[in-house]
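So the structure is just underneath, and the comments pick up after that.
FYI, it's all coordinate maths here, none of it is from the lab. It should be emphasised that the depicted structure is a prediction, and the values quoted were computed from it without experimental measurement. All Cβ positions, even for glycine, are placed from backbone atoms using ideal geometry, and neighbour counts span all protein chains on display.
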Amino acid sequence: MAGAEPSDSVAQALRPARRVVELTGGGAAVLDSYLSPVRYRGWTTGLRYEHLQATGFAPQHWIRQLTVGAGYALVHNPARSGNKMHVLDLAASWTLMRRWRLRPAWQLALGPMIDADGGAVYNPSGSNNVVSARARVSLGAAARVSFATRLAGRPLTLSAHFALPVIGIWFCPDGYESYYEIYLGNRRGLVHPAWWGNRFDANITVGADWQLGGTILRLAYHGHFETAACRGLDTRHVRHTVGIGLGGDFVSLSPRHRLTVRP
């Protein structure tokens, strides 16, 4: 978030926020050995909402970011023989970051993150197993760097955001155990600890926010990488998408500080 960062009592009271909604689209590659031993490739599309705001307790130095997204992908087997899979993705993350102004135009932010994602992969050509459910909750770290400049006389903010889950829990059935067996009562060992030894996830966003009056136009790249191995099952989800979004900057008052204006 670039722009106003007042240095007097106004800075303690005002809490600038940036809200942007994006439409995303791009390519996806999915390997889910619960459904198929081969990697499927295709296209993906989705919606993404981001809320980036200064915190109430120290708005000059701390920011928080909420991201919520939903996506759908249609992927095909390598032979393009008609076999395809439908993929539904839901994700949300919340990050608290301490920011530093390195130079007048540069800002760096680092902090902890909690995120969750889930969804399902459906293979209509499957036999015993036609659906693979996905669910994960993790704690991790996030970093953000931004650069403020101008384009055609209007403010332009270039930014890069990197999110890395570290530990958590996730759902994984016992090998090729069917969901019908789980329904009948075989529910032991379905939740597993997640760490870099059995799972690695990462999310990267590089974007540009161009402020046109009260409207922000965003162009961004999003990269999602997911690799997991458990009980003989391998899962690899990769998405590369481009997002086009609209949003704006809003200002709210911190309940912990009073706004004083000197004549």
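List of remarks:
- Nearest-20 debye value, the chain charge dipole, Cβ charges on Lys, Arg, Asp, Glu: 720 debye
- Per the Debye calculation on the chain with a single equal scatterer at every Cα and no solvent contribution, log₁₀ I(q)/I(0) for q = 0.07, 0.09, 0.11 Å⁻¹ amounts to -0.31, -0.49, -0.68.
- C-alpha center-to-center spacing [the stretch 49-65, the stretch 191-234] in angstrom: 20 Å
- Electrostatic tally near Asn123: other residues with Cβ closer than 12 Å to its Cβ, Lys and Arg +1, Asp and Glu -1, net 0.
- Where only DSSP H runs of four or more residues are counted, the chain gives -1000 deg cm²/dmol as its mean residue ellipticity at 222 nm, each run worth -39500 (n - 2.57).
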